[in-house]
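Quick notes on the structure that follows.
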Amino acid sequence: MKKNYNNTRRKLYLPEYGRHIHEMVDHLMTITDREERNRQAKAVIAVMGNLQPLLRDTADFTHKLWDHLFIMSDFQLDVDSPYPRPTREELQMTPNKLQYSQERITFKHYGKYVAHILDALRTESNPEAQHIAIEHIARYMRTKSFEYNQDHPNNEVIIKDIKTMSGGDIEVNEDAINNLRNDYKVHLSSRNQKGSARPTQKGGTNKTTAKAQHNNSKNRQNQQNRKK
C-alpha cells in the first residue's frame, strides 16, 4: 500500500483553505471545456465563501475570493473572472525602504529639538524675544535633566550646554537663569516613606493612642464593678 504523506504532496499556497479546496482548484485546471471550467470555478468560489459565512456580505469579499483562487492555482488557472486577475509581481512587490535620520544628537537627554531651536535662535534679531526663549528652553532642559539623572541639575551645567549647542553664538543671561523657578519634580527620597509615623493630634496623641487609652480605662472600670 502506497502511503500518502503531506510532505510528499504539493505545497499549499493558502493553508487556511485546506487541501480539499486546493484539490478542487487542481481539478479545475484539468477541465478542457472553458464554459464548464467557468461554471465549476464559480462553484468553488461558493464553497470558499461558505468557509467564512460571517464575511460573505462584507465589501470586496468576493474580489478577495477570486484572488485567492488564482493564488492557489499558482496563477495558472484560465477562467473568466469578474475582477482583474492578480499577478505574481503585484503580490510579491516589496515596499520601499524607509530612510532613517542619521543626525547625531549631542545631548540625548535633552532631545534633538532643543538643539534645533537654539540653532534657529542664532539669527533672532530681537534680543528680548531671544532671552525669553532661552529662559523657557533652560527651564525645559532643567526638567529633562532631572528626569534623566534623577538629580537636581546645576544651572552652570545648563548654561554650559546651551553655549555648546549654540556654538557660543547666543549670549545667556546667567542671572535670569539662576532666578528661574524650579519646575522639576520632588525626588522620591524626599517624600514621606511608607510606614512613617503619622502626624499626632493636639496634645501629642493620635487617634489610635486615644482609642487605646479609652479602652484601658473602660476595662479598669469594669473590673472595679465586678469586685463590688
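Laid out as a table, the results:
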quantity: Sole residue being in a loop (DSSP other than H, G, I, E, B), polar (S, T, N, Q) and out of contact with any His (no Cβ under 9 Å at 6 or more places or on another chain), chosen from THR62, THR58; calculated: THR58
quantity: Test: residue in region 116-138 that is surrounded by 10 or more Cβ atoms within 10 Å (Cβ to Cβ), under 29 Å from the mean Cα position of the chain (by Cα) and either among the basic types (Lys, Arg) or assigned by TED's automatic domain parsing to the domain that holds ASN38 (or both); calculated: no
quantity: Any hit, region 79-97, residues being closer than 30 Å to ILE31 by Cα, of a type in the set (D, E, K, R) and part of a loop (DSSP other than H, G, I, E, B); calculated: yes
quantity: Counted residues, region 4-32 - those being closer than 14 Å to LEU77 by Cβ and either out of contact with any Ser or Thr (no Cβ under 6 Å at 6 or more places or on another chain) or assigned to a loop (DSSP other than H, G, I, E, B) (or both); calculated: 13
quantity: Flag for VAL172 being surrounded by 14 or more Cβ atoms within 10 Å (Cβ to Cβ) and either assigned by TED's automatic domain parsing to the domain that holds LEU14 or among the aromatic types (Phe, Trp, Tyr) (or both); calculated: no
quantity: Leading residue by the ranking (farthest from the chain's Cα centre (by Cα)) among those in region 81-97 that are loosely packed, with under 11 Cβ neighbours inside 10 Å and among the charged types (D, E, K, R); calculated: GLU89
quantity: Output for region 85-128, where each listed residue is under 29 Å from GLU147 (Cβ atoms) and among the small types (Gly, Ala, Ser); calculated: SER101, GLY111, ALA115, ALA120
quantity: Test: TYR100 is surrounded by 15 or more Cβ atoms within 10 Å (Cβ to Cβ), closer than 30 Å to ASP161 by Cα and modelled with pLDDT under 90; calculated: no
quantity: Pairs with Cβ under 7 Å, 6+ apart, first in region 39-60 and under 13 Å from ILE21 (Cα atoms), second loosely packed, with under 15 Cβ neighbours inside 10 Å and modelled with pLDDT under 80; calculated: GLY49/ARG56
quantity: Test: TYR13 is outside the structural domain of TYR148 (by TED's automatic domain parsing), touching a residue at least 40 places away in the same chain (Cβ under 8 Å) and either more than 30 Å from GLN150 (Cα to Cα) or surrounded by 11 or more Cβ atoms within 10 Å (Cβ to Cβ) (or both); calculated: yes
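The values are calculated or read from the model by the stated rules, or taken from the named source; none is laboratory data. If you're wondering where the values come from, they're calculated on a predicted model, not measured in any experiment. Here Cβ is always computed from backbone atoms with ideal geometry, including for glycine, and neighbour counts include all displayed protein chains.
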